[in-house]
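Report on one structure; see the data block that follows.
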Amino acid sequence: MRHLILSFCFLLILACNKKVETKKSNTNDSIVVHNEDEMYKAQNGKIKVIDTTCINEQKRALNDIKNGKTVYYFFNGMTEMYRSNKEMGQILSKYKIEIDSAMTSCIAPSKGFTRNCYISVMRNEIEKRHGKKFIDSIRVLAEKQYAENHPNVIFDFEECDTISRYPGTKNYRDFFHKPDMDFSKVFKYPIGYKYKTGKYFSSTDVSFVLMKNGEIKNIQTDVTFQNTENLKFENYFRKKAEEFVKNIKWISATKKGIKVNSKVNFIYFHK
């Protein structure tokens, strides 16, 4: 009897070990993950992705739409930033559309996952109701309203419409080289100035505020010389650059067609 019991136990141990080995060798087992955190935690096995975060966001968005709620999202981060989000929200409210913000990132989600699913459903619904150009047209109105409501704001150069602010130019692109060309025609180098001999340039960088009435304010100049012997002419270069700026009839910047105050700068490279 004792031998029978021992034999049975031995066979049972062998069977258990075989099951364990079979389970470990089965490479077709999948680990189900429901979000990116679980993805990173997964150590072994073939991964099967079920993006429940996106699924739940889509369900929530569809339920909100069914209950009469629609939301437009603007992104913060690596995207164009707008001053007029308050005005945008006021205009959208007339269409019973709320406004909210979301963050964007340059880092793509892990394979199999999708971000901003709630936002995508809402955007598709707004486009379906009002057309693909609706949001852009509302943004134009909001930008105009902001410019009109804030007459004293000084806009960055890049925020304004792409029109040249320099007289005698045919297009926006001409602005970036014609002031330098015209300044070089009238500028006279002082006696004793050491001209460029290497590959590096000296320069005078001029920045100022162009008011919407054409007035020039807050002129600042930064003069750099590759040859230190020219440092004695720094004030001369600064004075001539400022005189040039003041004698030009600059064209006021616009924001969606509305005249605004703006920052302007140009750089003059010395010979």
FRET efficiency for residue 98 and residue 75, using Cβ-Cβ distance with R0 set to 22 Å, rounded to 0.05: 0.90
Rounded percent of accessible protein surface that carbon and sulfur make up, the range 120-223, 1.4 Å probe: 50 percent
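Using 1/(1 + (r/R0)^6) with R0 = 30 angstrom and r between the beta carbons of residue 35 and residue 127, what's the FRET efficiency to the nearest 0.05?
Here the calculated transfer efficiency is 0.60.
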Under 5 Å, built H, 5+ apart or other chain: amide partners of residue 260: 253, 254, 255
Derived scalar couplings ³J(HN,Hα) [the range 59-73; Karplus, 6.51 cos²θ - 1.76 cosθ + 1.60; whole Hz; x for Gly, Pro]: 4, 5, 5, 5, 5, 5, 4, 4, 8, x, 10, 10, 9, 9, 10
Cα principal axis extents for the range 162-271, largest first, Å: 47, 25, 20
Residue-span extension gain [residue 162 to residue 137] - 0.36 nm each, minus C-alpha spacing: 7.2 nm
Spin-label pair residue 247/residue 201, simplified geometry with 7 Å Cα→Cβ offset, distance in nm: 2.2 nm
Distance between modelled label sites at residue 48 and residue 228, nm, 7 Å Cα→Cβ extension: 7.2 nm
Extension gain, residue 105 back to residue 188 (0.36 nm per residue minus Cα-Cα distance, nm): 24.9 nm
Out-of-range pairs (alpha-carbon distance over 19 Å; input 217/239; 217/271; 178/255; 188/239; 69/94; 217/263): 217/271; 178/255
Residues whose placed amide H lies under 5 Å from that of residue 50, excluding near-sequence neighbours: 33
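The values are calculated or read from the model by the stated rules, or taken from the named source; none is laboratory data. Note that the structure is a prediction, hence the values are computed from the model and not measured. Cβ coordinates were reconstructed from backbone atoms using ideal geometry, including for glycine residues, and neighbour counts include every protein chain displayed. The area values use the complete protein model at the heavy-atom level, side chains included, leaving out ligands, DNA and RNA. Shrake-Rupley method; radii C 1.70, N 1.55, O 1.52, S 1.80 Å.
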